[in-house]
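Single-structure report; data block below.
The values are calculated or read from the model by the stated rules, or taken from the named source; none is laboratory data. These numbers come from a predicted model, not from an experiment. A quick note on method: Cβ atoms are made from the backbone with ideal geometry, for glycine too, and the neighbour counts reach across all protein chains shown. The area values use the complete protein model at the heavy-atom level, side chains included, leaving out ligands, DNA and RNA. Shrake-Rupley method; radii C 1.70, N 1.55, O 1.52, S 1.80 Å.
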Amino acid sequence: MPMKDPAPRSRAWRRRLVVATALGAALGAAAPAAAEETTAPSTTTPSTVRCSITDERLAELSGLVVVGDQMLALNDGGAQLAVHGLDAACQVVDVQTAPVDPYDPEDLAVGADGAVWVADTGDNNGQRPTVALHVLRPDGTSLYRLTYPDGPHDAEALLLAPDGTPYVVTKEVLGSSGVYRPVGALTDGGSVPMERVGTVNVTLTGTPGGPVGRAGQLMITGGAVASDGSAVALRTYTDAYVWPLTGSDVAGALTTPPVRVALPESPQGEAISFSADARSLVVASEGLPSAVTEVPLPTVVAAPTPATDTAVPGFAALTRDGSPLPAALFAALGATIVVWIGGRLIRRP
């Protein structure tokens, strides 16, 4: 029998839709024109579609990691932990599972040792006493539970530092996201507290895309660390923010000014990875078909040398033949009021 996460699953789609739509309307009505400009320097580069995901098992694509000329993909939801291996044509050619019923898996990372990390950190209702990290290795799966120091948060971004330290970045409707990491060593089956080590602030950018209008420009929906350790990235529904990384100091990197990359418009973009050579971002969206799109990085953050491909234990070489494998003050005030009203309406019988 699958191991059940003791936290009750509640995706609360209706509540999220009402609240997010209300927030988008408030931002559109209340934000002054100056809020269209982000503090991060922006770049626009031509993108290329690698391939298109059409497999029904990935209709809610949330996490993506490029490994050589292949990819690992994570669906948001399901009653079993599952990581899908994709070939260069976006065909599912391998699936690795674990006997765990996750609460709300949101992001994916691969460690320097090839272990696959799944961030089970979604919490739309803000009610989970713990969040979880599942780590898939050839000899089994580890379950690490984490607690926030300041109450529950919804989070969709995992940044795995080169030294193996996980950072969780929260998804905040007003664009000020918390950065958290464990205070000590992770314990398999146990719970470790986290500490808040930083804040990432994003503002309205004017880039189109996402399911909730302009509010989507403020919500962190995914993260990635380059395989060669040269850079770290976070994305919203519409844009990516990229920082150079030195060593494993992710928290320090996020205190420096990022470069913003406007992403191609998509219905619900949550997945982001660096390419194998760390010179591009690779992004994709929920919904089918989902274009896996490569967006070149500007030279200011591009890696100087290609990275070495990393093998992922438990995933065989994949082949197509099926071998295993701060918005403006008025905007914030208006949005807060409308979100509060939306929440009150949802609670009515």
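How large is ³J(HN,Hα) for each residue in region 132-144, as worked out from phi by the Karplus curve 6.51 cos²θ - 1.76 cosθ + 1.60 (θ = phi - 60°), to whole Hz, x for Gly and Pro?
Coupling constants for region 132-144: 9, 10, 9, 10, 9, 10, x, 9, x, 10, 9, 10, 10 Hz.
Give me the accessible area per residue for region 148-223, probe 1.4 Å, as a whole number in Å².
32
Could you sort 271-278, 116-123, 259-266, 73-80 so that the peptide with the highest average Cβ count within 10 Å comes first and the rest follow in order?
The packing order, highest mean first, is 116-123, 271-278, 259-266, 73-80.
Apply the Karplus curve 6.51 cos²θ - 1.76 cosθ + 1.60, θ = phi - 60°, to the phi angles in region 247-260 and return the couplings in whole Hz, x for Gly and Pro.
Each residue of region 247-260 in turn: x, 10, 7, 4, 4, x, 4, 6, 8, 8, x, x, 9, 8 Hz.
Could you pull the Cα extents of region 194-297 along its three principal axes, largest to smallest, in whole Å?
If we take the Cα atoms of region 194-297, the spans are 37, 28, 25 Å.
Would you mind telling me the antiparallel percentage of the DSSP bridges in region 120-213, rounded to 5?
90
Please state, rounded to one decimal and in Å, the Kirkwood hydrodynamic radius that region 44-111 gives when every pair of distinct Cα atoms enters the mean of 1/r.
Evaluated over region 44-111, this radius sits at 12.7 Å.
In whole percent, what relative contact order does region 64-159 give with Cα contacts below 8 Å and a gap of six or more residues?
This gives 20 percent for region 64-159.
Calculate the spin-label point distance for V197 paired with A89, positioning each point 7 Å from the Cα along the beta-carbon direction, and give it in nanometres.
4.3
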